[in-house]
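Student: Let me begin by handing over the structure; questions about it come next.
Computed from the coordinates by the stated procedures, all read-outs in this text should not be read as laboratory data. Everything quoted here is computed from the prediction, not taken from an experiment. Using ideal geometry, Cβ is built from the backbone for each residue, glycine included, and neighbour counts are taken over all protein chains shown.
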Amino acid sequence: MLLQVQGLTKRYGTRAVLSDVTFGVRTGEVLGLIGPNGAGKTTLFECLAGLLPADSGEVAPGGERKEILFYLPDGVRPWAEQRVDWVLALFEGLYGRRRDGLADALRLGPLLRSRVGSLSKGELKRVMLALALLSPHPLLLLDEPFDGLDFRQTRDVMDLLRTYPQERGQTLFLSIHQLTDAARVCDRLVLLSDGRVAGEGTLDELRRSAGLSEGGLEEVFLALT
């Protein structure tokens, strides 16, 4: 197990945003964190990344997390005045890795001379995904990696996430609110509803937990929540 979360709880005043969250991340998998907006997905990622302190619970390993995981928040826009090519080169130099194939796979060629601050939501998302994939960390936490992408771009990014990190020995943990996207790209799923884990496993395992013989992820999620 690459990461084990046990009993993680986060409160804001009397409101519990996360309640006794328990699950594991297995080495080499694409794990999906699934839930509607407001379910606590971003809060969970921020607690795992150490940006927010949890009120209780354990994450193992603990002190080594900064060496293990790279967290890409949704909507972040760093170095707004710098050009895309400069930002990519910065990460290449920082981590000693090259962007071979990434620029083509994410269709970044036309954007290289553009300033980060001028990019559309979808363009920015593709640039930030490239930065995350340039990192050498064993575990990548990607918050809403398909948000802002059109259908074709989503398909291309799914193909990239299914191959590029695994070839480099990396594990993906993706926060996704679109159930169709999650079912297509993830090996296993953690279902989060109102800050609680409603289920964990493959789609077939979740179907059995829900007492369903068939049905997609939407039906399973509704049955378990």
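Student: Relative to the Cα centre, what is the charge dipole magnitude of the chain, using +1 at the beta carbon of each Lys and Arg, -1 at the beta carbon of each Asp and Glu, and rounding to the nearest 20 debye?
Tutor: The calculated dipole for the chain is roughly 540 debye.
Student: Please report the antiparallel percentage of the DSSP beta bridges confined to segment 135-212, to the nearest 5.
Tutor: Close to 50 percent.
Student: Also, I was wondering about something else. Could you work out the relative contact order of segment 76-225? I mean the mean sequence separation of Cα pairs under 8 Å and 6+ apart, divided by the number of residues, in percent.
Tutor: About 17 percent, as a whole number.
Student: With equal scatterers on the alpha carbons only and no solvent term, can you work out the Debye log10 of I(q)/I(0) for segment 1-101 at 0.17, 0.20, 0.25 1/Å?
Tutor: -0.92, -1.11, -1.39
Student: Suppose a student asked you for the relative contact order of segment 1-145, using Cα pairs under 8 Å spaced at least 6 residues apart; what percent would you report?
Tutor: Dividing the mean separation by the residue count of segment 1-145 yields 25 percent.
Student: Quick one: if you stick a label point 7 Å off each Cα along the C-beta vector at TYR95 and GLU67, how many nm between them?
Tutor: 1.8
Student: Simple spin-label model, 7 Å along Cα-to-Cβ: ASP204 to TRP79 in nm?
Tutor: Inter-label distance under the simple model: 4.4 nm.
Student: What FRET efficiency comes out for the pair ASP187/ALA60, r = Cβ-Cβ distance, R0 = 22 Å, nearest 0.05?
Tutor: The computed FRET efficiency comes out at 0.55.
Student: With axes computed from alpha carbons, what is the tilt in degrees of helix 121-134 against the longest principal axis of the chain, rounded to the nearest 10 within 0 to 90?
Tutor: The answer is roughly 90 degrees.
Student: For the residues ILE176, ILE68, what sequence is obtained by ranking on other C-beta atoms within 10 Å, fewest first?
Tutor: Lowest to highest Cβ neighbour count: ILE68, ILE176.
Student: So what are the radius of gyration and Dmax for the Cα set of the chain, in Å?
Tutor: In Å, with Rg to one decimal and Dmax whole: 17.6, 53.
Student: Can you pull the one-decimal nm distance between simple spin-label points at TYR12 and PHE151, each 7 Å off the Cα toward Cβ?
Tutor: 3.6
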